[in-house]
Amino acid sequence: MNAAALFLVTHGSSDRRSWLALQNLVTVARSQSHFHIGGGCLEGQELTLSQQLGEFATEVIQGGGTEIVIVPLFLLEGVHVSEDIPAEVAIAKSKLQGKLQGKLPEKLKFRVTAHLGTNPQIPSLLSQHFEKHETGAEQSARIVMAHGSRRAGANQVIEDLANQSHAIAAYWGVEPKIETQIENLLSQGLNKINVLPYFLNEGGITEAIARKLEPYCDRAQIQQLPVPLSSEQIIDLALKFI
């Protein structure tokens, strides 16, 4: 076994597609590296993240591994990244100590990296994604759509990403929402609009965004793009944190 093992963490949900997406990422990671690879979800699983990580750590110890690198596959920082994941890692380590009666190998380290969205390649990947789906000579208006947060300053990273992509930002949970931004663009005479959902996976929320766009189809040429990162791109970015 490689000295370092990699544990990917996603948000997870009751939608089984989120678990299948994680398993696909683990498979891709195994094909692109020589690390021992595992993964877990914060939500939507019978086991807590600390329990999932604990089971993985047991495998790592048995294989002689010395470090577990935990990569939060989150595009934005929030409570999950700043508080929940570190707390779950601490619980896993504590329980593992108890299980091994305080004999946790001294060389086994748990290291949580920065979250995926901090990778400096993200802005250029978003711009390339918009360009890939634009057709014709007429420039499309661009919207980057994220979940959004009510925490002060939390949405600035989305505003910055949108600016770098020559787009405007819209949010699912807070203003300006997608309806507000579409109306703003239409009032400016811009009726060719590409909407990029800034999420890791397709799922319930991307389907809900599509339903929000339906009422505008008779007034504008609106295209909802796929989520911006392929599984291969996600893993390529994640491996750079090791």
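With a cut-off of 19 Å on the backbone N, the residues of region 109-134 near the modelled label site 7 Å out from Ala87 along Cα-Cβ are 112-113, 115. Counting only alpha carbon atoms, the long axis of helix 16-32 and the longest principal axis of the chain meet at about 70°. Each Lys or Arg adds one and each Asp or Glu takes one away; over the other residues whose Cβ falls under 14 Å from the Cβ of Ser165, this sums to -2. Under 5 Å from the amide H of Gln221 lie the amide H atoms of Lys192, Ile193, each residue being 5 or more positions distant or on a separate chain, with H modelled from the backbone and absent for Pro and chain starts. Taking label positions 7 Å along the Cα-Cβ direction at both Ala114 and Leu186, the computed distance is 4.0 nm, reported to one decimal. Candidate values (i) 13.9; (ii) 17.1; (iii) 12.1 were compared with mean projected area of the Cα convex hull in nm² computed on the shown model; the agreeing label is (i). For region 166-242, the list of trypsin sites (Lys or Arg not before Pro) that fall in a loop by DSSP and count at most 11 other C-beta atoms within 10 angstrom reads Arg219. Reported to the nearest whole Å, the Cα centre-to-centre distance from region 188-242 to region 143-172 is 13. Modelled spin-label separation between Arg219 and Thr135, with each label point placed 7 Å from Cα along the Cα-to-Cβ direction: 2.5 nm. Sequence-distant contacts, meaning Cα pairs under 8 Å at least 6 residues apart, place the relative contact order of region 122-224 at 29 percent. Here the gap between Glu43 and Thr66, fully extended at 0.36 nm per residue and compared with their Cα-Cα distance, gives a gain of 5.5 nm. Taking amide H positions as modeled 1.01 Å from N, with prolines and chain starts lacking one, the residues under 5 Å from Gly39 and 5 or more places away or on another chain are Leu8.
No lab work stands behind these numbers, since they all come straight from the coordinates. Nothing here was measured: the structure is a model prediction, and the numbers come from that model. Counting neighbours? That spans all protein chains shown, and the Cβs are built from the backbone with ideal geometry, glycine included.
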